[in-house]
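Worksheet for the structure shown next.
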Amino acid sequence: MKYWHFLGASDGIIMNQMVGAFAKEHADIFIEENVLAWGEPYYTKVAMAGAGGRSPDLATFHLARLAGIGAGQLLDPINVDLLAEAGLRGADFSPPIWQRAHYNGTLYAVPFDAHPMVQYYNTDICAKAGLLGADGKLRATTGPDELLAALRKAKDAMGGEPPLAFDALGLGTVGPWRVWWSLYPQSGGTLLSEDGSRITIDDAKALAALRFMRTLGEEGLCDPTTDYGASVAKFTNNQAAFLWNGDWETTGLKDRGTPFSMARFPSVFGTGAAQADCHVFVLPHQRNRDPEVERATYRFIAYLVKNSADWAVAGHVPAYLPALQEPEYLALQPQSEYRSVITDVALDPQVWYTGSASRLWIEFGEAFSPVISGERTPEEGLANAKAALTRLMSAPNPFPVQER
């Protein structure tokens, strides 16, 4: 069977190891693993392969991309009977992620993980600032005032330097979107109606999140001129007490010896929701799917999902709930510290222009970045974001539904 994915760096190494382990245990199944370029090139290639009906047997996908790559046209439905035969059932997955794996009531993806926004913290700096509990872990904060107080203590411990780093500026920056889409949904805020036809932004809740982000820049609690690379470098080099980012920097920070641990993204406006996307497995469209290869494909999917505690070494949280209770996973530190977020993820709306590296992320990032720096008011930032969203809603889907 042919398997396409875009996983590189440390998680790519882990995936390759898992493919190799499966091959050793299943000598009757040959896996042809192909690693392709991440982002738009990958999805374009999958779409073209699906349109031609000559696709790989399996592909890794971002869940938020499901609506935009022709579910039912360029992607084939998941055979729930073969999935059950392989030992996987819906009740074993995170409910919000399993629900989102359906499109128009049909299952098109098998969830593998969530990669949420998390809070990395420098244990040395936070200890100096008095922010750690007796167990050596960061004391959780609730509400904006407690979080701001903790950040101010960290700033004092650092001699007045900004204690928080995240991707706030840069060409194509998406950090401001990811921070806002963690804060705003905590209060129950939404972006679009369920069918994607109406903007449903609650201005008061959206502005509360943006004003909080503005406070971070205004008080020097974050550096609004920091891009992605600089934010990671600052935290790596002990120049920031906190890093807000996805969970995928875990392996690199360990390799570089940074004194750190991790926690869920702070609860600021209600729930502990955090922006997240998910890796899933999909079946790009084939005109004639070989029954023997298809059954082998589901055996492979089940193997990866059931062994997702191995995958979690890269930092991602297994979407398969039994994996979260396995001793091997619980022993992973600090990866298992934020596992409870798996049922509290803030996923993108199910429309074609969302998802990792999407236009929505970039447009909202551009709208909100100047709010953090003070060059634009929160009201102006929200107006710009709404205008961008209106443009995206009226733009044609580059992968329209087509008759096979």
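The values are calculated or read from the model by the stated rules, or taken from the named source; none is laboratory data. Predicted model, so just to flag it, every value in this text is computed and none were measured. Here the Cβ is made from the backbone with ideal geometry for all residues, glycine too, and neighbour counts use every protein chain on show. What goes into the accessible areas is simple: the full protein's heavy atoms, side chains included, and nothing from ligands, DNA or RNA. Shrake-Rupley method; radii C 1.70, N 1.55, O 1.52, S 1.80 Å.
Tabulated data
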| item | result |
| --- | --- |
| Radius of gyration and maximum dimension Dmax of region 286-404, Cα, Å | 20.7, 60 |
| Region 48-94-region 178-248 distance, computed between alpha-carbon centres (Å) | 31 Å |
| Accessible area of Lys45 in the full protein assembly, 1.4 Å probe (Å², nearest 10) | 100 Å² |
| Using a Förster distance of 56 Å, the FRET efficiency for Lys128-Glu85 (Cβ separation, nearest 0.05) | 0.50 |
| Most to least accessible of Asp76, Asp81 (protein chains only, probe 1.4 Å) | Asp81, Asp76 |
| Percent carbon-and-sulfur accessible area, region 218-346, ignoring ligands, DNA and RNA, probe 1.4 Å | 49 percent |
| Partner aspartates and glutamates for Lys153 [C-alpha distance under 12 Å; skip if fewer than 8 residues away on the same chain] | Glu161 |
| Stretchable slack from Met48 to Leu330, in nm (0.36 nm times residue separation minus alpha-carbon distance) | 97.4 nm |
| Gain on full stretching of the segment that runs from Ala395 to Glu25 - 0.36 nm per residue minus C-alpha separation | 128.4 nm |
| Residue range of the chain that is longest and free of GluC sites (Glu not before Pro) which are both DSSP loop and sparsely packed (at most 10 other C-beta within 10 Å) | 195-402 |
| Rounded to the nearest 20 debye, dipole of region 1-90 from Cβ charges on Lys, Arg, Asp, Glu | 240 debye |
| Loop sites in region 54-96: trypsin sites (Lys or Arg not before Pro), DSSP, at most 15 other Cβ within 10 Å | Arg89 |
| Degrees between helix 291-306 axis and first principal axis of the chain (Cα, 0 to 90, nearest 10) | 30 degrees |
| Nearest 10 degrees, 0 to 90: helix 40-52 Cα axis against the chain principal axis | 20 degrees |
| Global form of region 17-123, assessed from the alpha-carbon gyration tensor, a/c cut-off 1.5 | rounded |
| Within region 48-103: Cβ-based charge dipole about Cα centre, in debye rounded to nearest 20 (Lys, Arg +1; Asp, Glu -1) | 260 debye |
| Whole-angstrom gap from region 276-332 to region 96-163, using each part's C-alpha centre | 25 Å |
| By accessible area with a 1.4 Å probe, ligands and nucleic acids excluded, highest first: order of Ser267, Ser94 | Ser267, Ser94 |
| 28 Å Cα-Cα threshold exceeded, pairs from Lys128/Lys234; Lys254/Lys306; Lys155/Lys254; Lys2/Lys24; Lys45/Lys205 | Lys45/Lys205 |
| Net lengthening on full extension, Thr225/Arg359 (0.36 nm per residue, minus Cα-Cα) | 46.1 nm |
| Of [x] -0.59, -1.21, -1.29; [y] -0.48, -1.16, -1.29; [z] -0.32, -1.26, -1.41, the label for log10 I(q)/I(0) by the Debye sum over Cα atoms at q = 0.07, 0.14, 0.15 Å⁻¹ derived from the coordinates | [z] |
| Cα centre as origin, Lys/Arg/Asp/Glu Cβ charges: the chain dipole, Debye | 240 debye |
| Accessible area in the full protein assembly, largest first, 1.4 Å probe, for His115, His102 | His102, His115 |
